[in-house]
Amino acid sequence: MINADYSTHQLTAFTSFSQQDSKNDCRRLKSYGDIKVSKKEKIQDDLNSIRDRLKKMNYPGAKYAFSDYSQESKEFIIDRRWDRFAGSSVWLSKYKVHFVVSRVIYAKPGQKRESPTVSYCNVQIFDKNWNELKDFKIDVESNGYILKFPNVLMIPFEEAPKNMGPEDPRVIVRKFMNNEGHVDEEPIIVFNQISSILDGKRGMHIYKPFTGEMTVLQIEDSEPKEREKNWVPFFTEEISKDNNIHFIYGLDPLEILECDMDSGICKYVFKSPISGNEGSSLRGGTNLVRIPRLLVKKHLPEYYKTQDLYVAFPRTNVQDCSCGNRMYRPHLMVLAKDLKSETYNIEYISASTDLNIKVLSYAGDEKYNECDASMSILIPNSISQWGFLNSAGKLKKDFMTVMLSEADKTNVIVHISGIFDHIVTVLRKKKGNFDMSDVIFEDSKKAIGCALKVTSDRCEAISEDLMAENLD
């Protein structure tokens, strides 16, 4: 990660406070900054091995993945009916490995991959240099049994004509004190799937791979929606003192849930007092990662010393622009939580970014450009790791790894350096003491609106640039 080949990438940022004097809101809230990004690295997997593994498993859900014609070759079946994407990963420091969860889909004859027959969650293990570790064993001390990876998680699901199984998995690490009084950790996987508990509707679930426990999440005193997805997970403490997990339920307007992982009951702990931008497409992307409190106190203005700051990459879905019918791209975001009032606010949101990635065409072929198909997809799935390099007691650099999906076909990672420096440079421009008042929330709404406007303009610009290239 440290020795990767980095190039400069400029971010256009908007904040919930003025960056410069101007009567134009977007100009007033806007600033620029550079980060360093590495070339993308494809995370490889073998769909053939996954299919063979499913055949041998004593997993009731496996039977739905073998509705092929007898005369079809295995190569034809894998090429036409199977795909893998939506990869999400976390670093497990106890085991010194990356724990990667991906969505694997199968579409039987007559069904399309956009609405497949069934989805599964496949887990791979990688070392610190992103080399896959085969036959890796994790000894779960609390249960006294050993898990072996790579493997398909035996997540239970209900029968349906299509769209069975877990979709859009996101993994986050939970640290806690075990019975021996030592800090322990476990991966928590969040996904959506159909459930009879929700009257056959699609809802959010939690699965604990180290214990095999699954919980359906339901919002207290609320009727289940037809479809729930895009909840952004985070923990409010470095070491959990209870069994709660938090989610950003909505970004525009901002809404925060707290959920009990045992009962699955969720309750709102914050709702923005103002409405969001009309037609906003800002949705959940990666998990939230908290900036260490010590770094906040050392490097940021007094105002932030009573706040927790979290970093994430949500994404937007721009529709009906010239780059296909839809264009998905990540945004960098900073969420602030006031520790006194328990109030939340989006302090910073960037315009869309491609992180210097030449995005794979949805057609799945390198010979096509990113706008040559019906959609252009680059979706952020997880912040896998964020480390800080110190020298002589001073912060020298920070390095982050982000996992993304391209074209709903491949998982890639990019390493990013300078995220923390960029955030500090922008947030240091906030002067004085501010309560999280309606004025701050209004400017936060305006900042998001400005980021959305620039994103829409960029979608058109990308298409125009590619068309100009084709004319050369």
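The values are calculated or read from the model by the stated rules, or taken from the named source; none is laboratory data. What you see is a predicted model, and the numbers here were worked out from it, not measured in a lab. Using ideal geometry, Cβ is built from the backbone for each residue, glycine included, and neighbour counts are taken over all protein chains shown.
Residues in the stretch 78-93 that are buried (at least 22 other Cβ atoms within 10 Å of the Cβ) and among the hydrophobic types (A, V, I, L, M, F, W, C): 2 in all.
Matching residues to (1) touching a residue at least 12 places away in the same chain (Cβ under 8 Å); (2) surrounded by 14 or more Cβ atoms within 10 Å (Cβ to Cβ); (3) part of a helix (DSSP H, G or I):
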| residue | (1), (2), (3) |
| --- | --- |
| Tyr64 | yes, yes, yes |
| Phe76 | no, no, yes |
| Tyr95 | yes, yes, no |
| His98 | yes, yes, no |
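Taking the criterion of being exposed (fewer than 15 other Cβ atoms within 10 Å of the Cβ) and assigned to a loop (DSSP other than H, G, I, E, B), would at least one residue in the stretch 166-178 satisfy it? Checked the stretch 166-178: at least one residue is exposed (fewer than 15 other Cβ atoms within 10 Å of the Cβ) and assigned to a loop (DSSP other than H, G, I, E, B).
Scanning the stretch 158-199 for residues that are on the phi > 0 side of the Ramachandran plot and either out of contact with any helix residue (DSSP H, G or I) (no Cβ under 9 Å at 6 or more places or on another chain) or at pLDDT below 95 (or both) yields Asn163, Asp168, Gly181, Asp199. Asn143: outside any strand (DSSP E or B), farther than 30 Å from Glu226 by Cα and touching a Ser or Thr at 6+ places or on another chain (Cβ under 7 Å), yes or no? Answer is yes for this residue. In the stretch 266-274 there is at least one residue matching the filter, namely being more than 24 Å from Met400 (Cα to Cα), of a type in the set (D, E, K, R) and not in a loop (DSSP other than H, G, I, E, B). Just one of the listed residues (Phe247, Phe313) is within 20 Å of Ala351 (Cβ to Cβ), touching a Pro at 6+ places or on another chain (Cβ under 9 Å) and among the aromatic types (Phe, Trp, Tyr), namely Phe313. The single condition among (1) modelled with pLDDT under 95; (2) closer than 27 Å to Arg27 by Cα; (3) of a type in the set (A, V, I, L, M) that Leu395 does not satisfy is (2).
Scanning the stretch 249-269 for residues that are more than 25 Å from Thr316 (Cβ to Cβ) and touching a His at 6+ places or on another chain (Cβ under 7 Å) yields one hit, Glu258.
Note on the stretch 279-337: enclosed strands (runs of 3 or more DSSP E) holding 2 or more residues that are surrounded by fewer than 22 Cβ atoms within 10 Å (Cβ to Cβ) and touching a strand residue (DSSP E or B) at 6+ places or on another chain (Cβ under 8 Å) are 307-312, 315-319.
Within the stretch 31-38, can one find any residue that is within 21 Å of Ile346 (Cα to Cα), touching an Asp or Glu at 6+ places or on another chain (Cβ under 9 Å) and assigned to a loop (DSSP other than H, G, I, E, B)? No - not one qualifying residue is present in the stretch 31-38.
Looking at Tyr344, Tyr348, just one residue is touching a residue at least 12 places away in the same chain (Cβ under 8 Å), over 24 Å from His9 (Cβ atoms) and part of a strand (DSSP E or B), and that residue is Tyr344. The listed residues are Lys23, Lys94, and the only one of them that is at pLDDT below 95, farther than 23 Å from Asn122 by Cα and among the charged types (D, E, K, R) turns out to be Lys23.
Of all residues in the stretch 52-61 being surrounded by fewer than 20 Cβ atoms within 10 Å (Cβ to Cβ) and in contact (Cβ under 8 Å) with a residue 12 or more places away in the chain, which is nearest to Val414 (Cα to Cα)? Going through the qualifying residues, I end up with Arg53. Within the stretch 282-298, residues that are at negative phi sit with their Cβ atoms under 6 Å from residues that are of a type in the set (Lys, Arg) and assigned to a helix (DSSP H, G or I), at 6+ positions apart or across chains, in these pairs: Lys297/Lys305. Only one entry of Ile349, Ile377 meets the criterion of being in contact with a strand residue (DSSP E or B) (Cβ under 8 Å, 6 or more places away or on another chain), at pLDDT 95 or above and closer than 27 Å to Ser280 by Cβ, and that entry is Ile349.
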